[in-house]
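Okay, so here's the structure we're looking at.
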Amino acid sequence: MGKSISEVGMEDLVRAGVGEEEAKWLMAELKAAIAEVGFSQKELWREVTARKLLKPSHPHPLHQLLYYSVYHNYHNGPPLYWFPSLNESRYTNLGRIMETHCPKLFGASYEDPISSFKEFQRFSVQHPEAKVLQIYWSIVLKQLPIHFLEPPKCILDTSDKSKRGGNWLPGSVLNIAESCVRLSNYSNKQDDCVAIVWREEGKDDKEVNCMTLKQLREQVMMVANALDNMFSKGDTIAIDMPMTVTAVVIYLAIVLAGFVVVSIADSFAAQEIAVRLRVSNAKAIFTQDSIVRGGRRFPLYSRVIEAAPLKAIVIPATGEDVQVQLRNQDLSWKDFLASVSHLPRPNYYFPVYQSIESVTNILFSSGTTGDPKAISWTHLSPIRCTADSWAHLDIQAGDVFCYPTNLGWVMGPVLLYSCFLTGATLALYHGSPLDHGFGKFVQDAGVTVLGTVPSLVKTWKSTGCMKGLDWTRIRMFASTGEASNVDDDLWLSSRVYYKPIIECCGGTELSSSYIMGNLLQPQAFGAFSSATMSTGFVILDEDGLPYVRKLYGILNIFNLLRTRMFFEFLDVLFIMRKYFFKPVSSQMMKLVLLLSNFITFIAVITYTEAPHHHHHHHTHTQQLRRHGDILKRTIGGYLVVNGRADDTMNLGGIKTSSIEIERVCDGADESVLETAAVSAAPPNGGPEQLAIFVVVKEGMNISPDTLKKRFSRAIQSNLNPLFKVRWVKIVGMLPRTASNKLLRRVLREQWKQHIQIQSKL
C-alpha cells in the first residue's frame, strides 16, 4: 500500500521524475520540515505546502508520492491538504463581518474567524421566528449592492400560515438586472471598472478583450429597448447559444425589461429544444447561426428552427453577418439592434420594477430523472446564489471569476449574478474548455477563481494540455456537477501551490448549495467541510428522532419544505438510518471497517414518501423534501458525496454506492481514464451482479479480463472482501447528460440486457 514518508528515499524521488540535484534539494528540505514539526501527518503536509517544496512544474507522480506517503495509513477522516491562515481569514468576506459583529453577538466566547466559524454558522441557522436569523441576512444584504425601489418590510414574514416557510423580503420591489449594471458604492463599482473579459478560440496570442461597466450597461439597455419594440411585458424569451458576451447582455436585458428568460443549453438536439420551448410557452428565441469549435462550424440555427416555428433572432458566431439563410419571420442580430437606431437615446432604458416574487428565469433540471422539470427563478433567487458565492467562494471586487458553463444550466446565471452583484469581473472563453487555448485564457485574463466540473479536470490531467501555463494568480477553484476524484483534485490544486478547491453541492430549485467548502476551515480533497451559511441539518435515526450519539454515517438528503421557492435551503435535513449488516463475525466486521477509506456505518434510506420531522425549536411538524443525494459523513465532520440515491447497489446484502466503487477502480490500473459501476439482478432473481464500464487512456492496450482481475483485487482490498466484479466492458466514452452528469441508468439497462442474453444461452 505504498511507503510512509519516513521510508521515502532519493531513489523514490528520482523514480517520480526529478533529476538528482533536485532530488537532493527536496530530500534536505523534507528532513528540515520533519525536524520542524515531526511526523504529525497534518502538520507535516501543512509544512510541505507552506515551504512550497512541490511546484506546479514538478511531475504529477512526485506530487502523488509526497501526498500519499505523508498521509500513509491515515485514519482520522479525509486527509486535509489546505489550511486557512489567521491573518488572511480576517480579510475574507465572512471573516470581515465576523470581526465586526461577532464580538457583540457572542461576547467573550468569540475568538477569531477560524475558531468561531462553526458557532457563527450555527448562529446563521437560528430559527426564522427568532431575530438572530434576520440579523445574519440583514448583514449579508448590506454587503451586496441590491437596489430596492421599495425596500422589504422585514427579512422574513411568517404571519401568513398558508405560506409554508413564510415570505422572504416581503413588500420589496426591485429589478435584479438593474442592480447588476448600476453604479454602486457598496462594491466600489465605477463606470470604468472592467465588468467582462473574454477571448475567442483561435485568438490565443491576441490581447484579452475588455468591457467596462458603462459599456455593459449601455449594451444591455439598447437590447432592452429593442425587446420592448417587439414583445409584450411578461413574455418568455428563450436563449439557446454558448455563454458569450452577447448572451450575457441578452440575459440581463430580458430581465431588465420585465420579460422572462427561458434557459436552453446549446448542446441540445432539436427534440430537447422543442420540449423546453413548449413547456415554457416561449414567444421567441435568441440563437447563433452556428457554434465554432477547433476551427469547425457546428449547426445551431438549423436545430432551433427544426424545434419550433418561433421567431428567432440570430447572432453570428464569427464576424458581423450571419452565415445562414434566415426564414422570413427571423431577424439577424444587426437588424434587431437597428430597430432602435431611431430613438434619441437607444442606450438608455428605465428598468421595469417588479415584486420580488416575480419570475425572471425558467431553468430546467438536467433530466437525470427523466423529463426535464421547469424551475422558476424570481428576483430573489440571484440574491440567494450570490450570498453563497460571497460567503463560501469569497468573491470580491477585484476577483476575475471564470466558470466554463452555459446559460442553459444553473451555473450560468449563478456565475453571472455572482460577478455583477459583488463587483468581480466575469471571464468568458468563447470556445472549448478542453484545450490549451482555454488554459492560456485563464492565465492571460488573470483569473483568480476558476470553476470546474470533475470530468473536465480529468481531461486536463490525462491530456497534459495545460502544461507550461502559469495559473498561480488563481486563489481558489470551485467544483460542482458531480462527485470529485481525489487524485484529479490533487493534480488540480498542485497547479497553484495547493490552493483550495471549494466543493459545491446544491440544486437548480434551491438556487444555492446546501453543503460547501469555505476559506475558514481546512479543506480535504473531494469533501465538503460544512453546511452552507443559514443551512442547518440534523441526523435522524430510524424512528425519526435526532441521532446524536453516533458521529458518522451515510446520509440521505431531505430538505424542509419552507416555501415554494428556493428558500427551502434554510433547514436542509440530513436523514440517516443505520444499515444492519447480515450476521458476520466480529473479525470480518473489523476488517470491513479497517479497509474502508472512512470509518462509517453504512446507511441508506428508502422512503416511498418524504417523512415528517418535528424540530425541537418548532411548535409544528415540518414536511421534508427528498433531495436525492447520498452523503458519507466522516470522522472530523466532513461530508463526501456518494452519488444519487438511485445509484446505490446491494452487493451480497451490503448497500454501497457506485461512486465508492468507481473511486477504487479509477486507481486500480494506470490505463484507466474513468469508470462507471452499475449492478443488476439476474432475470430469475438472486443477488445483484456488479459490472464496470471503462474508458481507457489513449494509446493504452489492456484486456477486459485483466481489468476485471485488477478491479476485483482493488475492491476487495479497499472496500469489501465479499464484492465481486462479474463483467468489464471497455467503451469509447461514458453516456452523460448535457450538463456532464453520468447517466448510469443507461449503462444499467445495457448490463440488464447482457444478463438476460447470458441467461438464455
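Some points to look at:
- Counting only helices (runs of 4 or more DSSP H) that sit completely within segment 392-498, those holding 1 or more residues that are of a type in the set (Lys, Arg) and over 20 Å from the mean Cα position of the chain (by Cα) correspond to 436-444.
- Residue match in segment 727-749 (condition: over 30 Å from residue 464 (Cβ atoms), in contact (Cβ under 8 Å) with a residue 24 or more places away in the chain and exposed (fewer than 13 other Cβ atoms within 10 Å of the Cβ)): no
- Only a single item in (1) surrounded by fewer than 24 Cβ atoms within 10 Å (Cβ to Cβ); (2) modelled with pLDDT of 85 or more; (3) under 22 Å from residue 455 (Cβ atoms) is not met by residue 645, and it is number (2).
- Among the conditions (1) over 26 Å from the mean Cα position of the chain (by Cα); (2) assigned to a helix (DSSP H, G or I), the only one that residue 204 does not satisfy is (2).
- Residues considered: 479, 462. Of these, the only one that is buried (at least 19 other Cβ atoms within 10 Å of the Cβ) and either in the same structural domain as residue 524 (by TED's automatic domain parsing) or of a type in the set (A, V, I, L, M, F, W, C) (or both) is 479.
- Residues considered: 339, 365. Of these, the only one that is surrounded by fewer than 21 Cβ atoms within 10 Å (Cβ to Cβ), hydroxyl-bearing (Ser, Thr, Tyr), under 20 Å from the mean Cα position of the chain (by Cα) and more than 30 Å from residue 184 (Cα to Cα) is 365.
- Listed conditions (1) surrounded by 19 or more Cβ atoms within 10 Å (Cβ to Cβ); (2) touching a strand residue (DSSP E or B) at 6+ places or on another chain (Cβ under 8 Å); (3) at negative phi are all met by residue 42, apart from (1).
- Single condition residue 275 does not satisfy, out of (1) over 18 Å from residue 246 (Cβ atoms); (2) without any contact (Cβ under 8 Å) to a residue 40 or more places away in the chain: (2)
- Looking only at segment 306-325, and only at residues there that are within 15 Å of residue 278 (Cβ to Cβ) and in contact (Cβ under 8 Å) with a residue 24 or more places away in the chain, the one that is surrounded by the fewest Cβ atoms within 10 Å (Cβ to Cβ): 306
- Check on residue 282, more than 24 Å from the chain's Cα centre (by Cα) and either under 18 Å from residue 329 (Cβ atoms) or buried (at least 24 other Cβ atoms within 10 Å of the Cβ) (or both): yes
Results for (1) within 24 Å of residue 638 (Cα to Cα); (2) among the acidic types (Asp, Glu); (3) assigned by TED's automatic domain parsing to the domain that holds residue 496; (4) assigned to a helix (DSSP H, G or I), shown as yes or no for each residue.
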| residue | (1), (2), (3), (4) |
| --- | --- |
| 12 | no, yes, no, yes |
| 24 | no, no, no, yes |
| 30 | no, no, no, yes |
| 43 | yes, yes, no, yes |
| 63 | yes, no, no, yes |
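- Sub-7 Å Cβ pairs linking a first residue in segment 693-705 that is in contact (Cβ under 8 Å) with a residue 60 or more places away in the chain and over 15 Å from residue 662 (Cβ atoms) to a second residue that is in a loop (DSSP other than H, G, I, E, B) and not β-branched (Val, Ile, Thr), at least 6 apart or interchain, are 697/671, ordered by first then second residue.
- In segment 172-194, residue farthest from residue 138 (Cα to Cα) [restricted to those that are at pLDDT 95 or above and assigned to a loop (DSSP other than H, G, I, E, B)]: 175
The values are calculated or read from the model by the stated rules, or taken from the named source; none is laboratory data. Keep in mind that this is a model prediction, so the values were computed, not measured. Cβ: placed from backbone, ideal geometry, glycine included. Neighbour counts: every protein chain shown.
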